[in-house]
1. Please give the number of the condition residue 349 fails out of (1) under 37 Å from the mean Cα position of the chain (by Cα); (2) of a type in the set (Ser, Thr, Tyr); (3) surrounded by fewer than 21 Cβ atoms within 10 Å (Cβ to Cβ).
2. Can you name every residue in region 575-631 that is without any contact (Cβ under 8 Å) to a residue 40 or more places away in the chain, closer than 17 Å to residue 655 by Cβ and not polar (S, T, N, Q)?
3. Residues that are modelled with pLDDT under 90 and more than 30 Å from residue 614 (Cβ to Cβ): which strands (runs of 3 or more DSSP E) entirely in region 300-403 hold 2 or more of them?
4. Can you work out which of the residues in region 162-173 that are surrounded by fewer than 20 Cβ atoms within 10 Å (Cβ to Cβ) and out of contact with any Leu (no Cβ under 9 Å at 6 or more places or on another chain) is nearest to residue 705 (Cα to Cα)?
5. Which residue is modelled with the highest pLDDT, if the candidates are limited to region 465-510 and must be acidic (Asp, Glu) and either out of contact with any helix residue (DSSP H, G or I) (no Cβ under 7 Å at 6 or more places or on another chain) or in a strand (DSSP E or B) (or both)?
6. Residues of region 485-497 being surrounded by fewer than 20 Cβ atoms within 10 Å (Cβ to Cβ) and not hydroxyl-bearing (Ser, Thr, Tyr), which ones?
7. Just for region 613-639: of the residues that are more than 19 Å from residue 420 (Cα to Cα) and crowded, with 22+ Cβ neighbours inside 10 Å, which one is farthest from the chain's Cα centre (by Cα)?
8. What are the residues in region 385-416 that are among the hydroxyl-bearing types (Ser, Thr, Tyr) and under 25 Å from residue 480 (Cβ atoms), if any?
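The values are calculated or read from the model by the stated rules, or taken from the named source; none is laboratory data. Everything numeric here is computed off the predicted structure, so don't read it as measured data. Glycine gets a Cβ as well: all are built from the backbone with ideal geometry, and neighbour counts include every protein chain shown.
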Amino acid sequence: MHLAHRVRRGSALILVLIMTLSLAALASSAIYMTNSSGMLSRFHDKERDLTFALETALELGKSRLQHDTTLVLYDTGYKQLLTSQAVYTSDGTPLTGVTVNLYGGYTGDTAGTYVPYVTLLATVTDAYGIRLARRMDLAAQSFARYSLFTNDFPSSVEIGAGENIPGRVHSNNRFVGSSGGSPSPVFGDTVSAAGAITGSGQWADTLSATSGTTVIPFPSATAAYWGAADLRTYFNTLASAASLVTTVMTPSAQTKATSGGIDVSGSAGGTASPGTRMEFLTIDVNNNGMVDSTEGFYRVFHLYPSSYFIGSGYYWVGGGDTTRLSVNFSGTPVPTSNQVLLNQCGAFYTVLNPTNGRPQREFFPIAMHAVGWVAARIQTSTYPTVSAAQAAAMAATAGVPAYPTQAAVRTIVQQPTAKCFPQGSPYLMNVERFTINTGTCQQDWWTVPMTRYTWGSAGICAAQGYGGQDSTFTLYSFTCPVDLSDAAGRCTGDTVYMGYWDWNYGTNNLPTLPAAVRQNVERPHLFPINRTYNPNYRGVAYATGRIFLAGTVRGFLTLYVNGTATIRDDITYDVTPADTANLCRNFYGLIARDSILVSDNVLNRPRVYDTPAATAGYTLTLGGNRDLIFNGIAMALGGHVGAFNPNVATSTNPVYTCPTGSTFTAAGGCMQVVGGTIMKTYVPPYTAATANSGLRPLRERDPCQMQDRRPPYFPLAATRARVVRSFDVDLRQVKSAALLTAYFARLRGSKAAP
C-alpha cells in the first residue's frame with residue numbers, strides 16, 4: 001500500500017521572518033532604551049545645573065546680607081540684587097545658557113510689632129525661559145534686641161566696675177571695659193565691636209571678637225528710610241494717620257508770671273519758658289478691676305507763655321516755666337517761699353470718702369497743710385497716721401507774708417508718702433482750682449463759671465473738702481501763692497493761668513467713662529494707644545520738639561520725638577516686664593532726634609530741705625521711689641541716652657548706692673533700665689571719678705527682647721544671619737515684574753508702612 005506525503009510549504013520562511021522581526025524589535029528596544037537613558041541622564045544633569053544655579057544665587061544673596069550692611073531693602077515691594085547673572089562652576093567655567101535673577105525684600109510683618117523676615121527669591125533661566133524658582137527666608141533683627149548699642153564709644157569713657165549688661169552689646173568702633181575697681185563689669189551675652197575691646201570685664205563665653213566685627217549702620221535722623229525722606233517723615237506719617245502728632249510749646253524767653261507781687265513762674269533764671277509734657281496712663285474703662293489691652297492712653301499738658309490772646313482784646317496772663325513741668329528747684333536748704341515746692345509737693349493720706357465712707361488716698365500740697373480744714377482732715381488718715389501735734393507742726397508758719405517754717409516743710413516731706421507732681425496733675429487739684437481772693441470761683445476763658453471743686457468758699461462754689469486724686473481732672477490749670485492765714489486757703493493775689501490739657505481731635509471711640517473710675521470730662525483729652533478706641537492707630541505717636549515724659553504704658557507704642565526727650569519721672573509698664581506670665585504684654589520704644597536724658601529734678605535727685613544737710617532725712621528725693629525706672633527701648637539718634645548733669649554730686653544720709661547695699665554711690669541712686677539703650681555716642685549717666693554723682697546704670701533684659709518682637713516700626717538693624725526656611729516656588733507666581741510685586745506684597749501683608 002502506498003502512503004501519500006503532505007508537503008508544508010513556507011514554514012521555514014515564516015520562522016526566519018519571525019526570528020528576524022524579533023531580533024529587530026530587540027535591537028530597536030535596546031536603541032530606544034539607550035536613548036531614553038541618555039535623555040534621562042541629560043535631564044538630571046540639567047536639573048542639577050539649574051538647582052545648583054538657584055542655590056548659588058541664594059547663597060550669594062545670603063552672604064551679601066550678612067556682610068554688606070549698606071544694603072538697603074524696603075518693607076514694600078522688592079529690590080533686585082542679581083540681574084541675568086551667569087553662574088560659574090568651581091573651576092571658573094560658566095554654566096552654558098544658564099543665568100539667575102535674585103530679588104530681596106522684607107516680608108511677614110503687617111503691624112510693625114514683629115521683627116520681619118528678609119525674603120530672597122531666586123529664579124533660574126535657560127534658553128527656554130524661567131525654569132525654576134526658590135525662596136529663602138532669613139530672620140531680620142531689630143535694634144530693640146540690644147541691651148546696649150553705641151555708634152561711637154569714646155576712648156575717654158568706660159563701663160564702670162560693678163555694672164552689669166545682661167544682653168547683647170555692640171559698638172561700631174572701640175569698646176572699653178573697666179579700667180579698675182572691683183568687681184569687674186559683667187556681660188551676659190555677646191559683646192562685639194568694630195574696633196578693639198579693652199579693659200576688664202567678666203565676659204560671657206560668647207564674646208565675639210576683639211576687633212574687626214562688621215559695622216552695623218546706625219540710623220540717621222536725616223537719611224532716607226524705607227521709602228520715606230527720613231525717619232522724621234516716616235514716623236510722622238504713621239502717627240498722623242491716627243491723629244497722634246503733638247505740637248509742643250516752643251521754648252522761648254518770656255516774662256515771669258507774678259501774683260500779689262510774688263514770682264509764681266517757677267523759673268530760677270531771669271526769664272521763664274513754656275513747654276509741653278506727655279503722660280502715659282491706664283484707665284479701667286470697663287470697670288472690671290483689671291487693665292485690659294485696650295486701656296492704655298496718654299494725655300498732653302501745655303504750659304502756656306506769659307500772655308495769650310483769646311479774642312476781643314482779652315489776654316490770659318500766664319507765664320509758667322518748664323521747671324513746673326519737670327518739677328525742679330534748688331537751694332541749701334530749698335527756700336520755703338519757693339512756689340513749686342509749696343504748690344506741687346506734698347503727701348498722700350488715706351482718709352474716708354465723704355460720700356461712700358470707703359478709704360481713699362488723697363494728696364495735699366505743702367501749702368494746704370496750713371489750711372484749717374486740711375489739718376483736721378489729715379488727722380483722720382490711717383496711713384500715714386497724723387496726730388494733732390504733728391498736724392500743728394506741719395501747719396506752722398512764720399513771716400509776713402506767711403510761709404511754712406523750715407521744720408514744717410521738713411516734717412511734710414519726711415512722710416513715707418511724700419511726692420512732687422508736675423503742673424496740671426490731677427493730684428494738685430487743691431492748688432489748681434483756686435478760689436480767688438474775692439471769694440468766688442476762678443473762671444475760664446470767657447468768664448463762664450467752671451464746674452470745680454472748692455473748699456468751702458462763698459459764692460457759686462459748693463462747700464466741699466478733699467484732696468487730689470487721679471480722678472480729679474482739671475482742664476485749665478491755675479496757680480497763685482496760697483494765703484496761709486486764710487481758713488479756706490484762698491489766693492493772696494490774682495490767680496495766674498498756667499496751661500491746659502490738649503484735646504484729642506482724632507477718632508476717639510472711647511465710651512463714657514464709669515463715674516466710679518474717672519470723670520467723663522477727661523474723655524476728650526485721652527489719646528488711646530490701641531485700635532479698639534482709635535481704629536487708625538498704627539502704634540506710633542510723634543512730638544514736634546522737646547517734651548517731658550513719664551507715666552505707665554499699657555500696650556505697644558513707639559514715640560518719636562523730633563528733638564530732645566526729657567524723662568522727668570519713671571516710665572514703667574502696667575505689669576513688670578520680668579513677669580513671664582505676661583510675656584510681651586507691653587513694648588515701648590522711645591526714639592529722639594537728639595538725646596534722651598533723665599531730668600536732674602527733685603523727683604530723680606536729692607534736694608536739701610533743712611540744715612545741716614548731713615542729718616538723716618534732711619536731704620531727700622521726692623519721686624515716690626529712690627531710683628529712676630525706665631521700661632522700654634530708648635534710641636537717641638543724635639546724642640546719647642543718659643542723664644542731665646552726670647557729674648553733679650549730692651550726698652544723702654544714708655548715702656544712695658546702686659545696686660542697693662553695694663559700695664557704688666550715686667546722687668540719684670540707679671537709672672534702672674529694663675530693656676535697652678541705643679545711642680549715637682556713649683556717655684555714662686554718672687562720673688566714675690566723682691563720688692555720689694549722677695545715676696548709676698542698672699540694666700535688666702526684657703524677656704520680650706528675646707522674642708521676634710519690637711516696639712511698633714522700631715528701626716531694623718542691617719544684620720541678617722539665621723535662615724528660617726527655604727523651599728521651591730510655583731513659577732506661575734513670579735514670571736513677570738507685576739507677578740513678583742504681587743508675590744512680595746502677599747508675603748508682606750495688607751498694611752505696609754509708608
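1. Among (1) under 37 Å from the mean Cα position of the chain (by Cα); (2) of a type in the set (Ser, Thr, Tyr); (3) surrounded by fewer than 21 Cβ atoms within 10 Å (Cβ to Cβ), residue 349 violates only (3).
2. Hits for region 575-631 are 612, 614, 616.
3. Numbers: elements: 307-311, 314-317, 345-352, 359-365.
Per the criteria, 307-311, 314-317.
4. 166
5. So the first thing to find is which residues in region 465-510 are acidic (Asp, Glu), and the list is 470, 483, 486, 494, 502.
Next cut, either out of contact with any helix residue (DSSP H, G or I) (no Cβ under 7 Å at 6 or more places or on another chain) or in a strand (DSSP E or B) (or both) only: 483, 486, 494.
Values: 483: 84, 486: 73, 494: 75.
Checking each candidate, the answer is 483.
6. Step one: filter region 485-497 for residues surrounded by fewer than 20 Cβ atoms within 10 Å (Cβ to Cβ), giving 485-488, 492-494.
Within region 485-497, 486, 487, 488, 493, 494 meet the criteria.
7. Applying the first criterion (more than 19 Å from residue 420 (Cα to Cα)) to region 613-639 yields 613-616, 631-639.
Filter again for crowded, with 22+ Cβ neighbours inside 10 Å, leaving 631-637.
Details: 631: 8, 632: 5, 633: 5, 634: 6, 635: 8, 636: 11, 637: 14 Å.
The extreme case among them is 637.
8. Our first condition is that a residue be among the hydroxyl-bearing types (Ser, Thr, Tyr); within region 385-416, this holds for 385, 387, 397, 403, 405, 411.
Listed by number, the residues that qualify are 397, 403, 405, 411.
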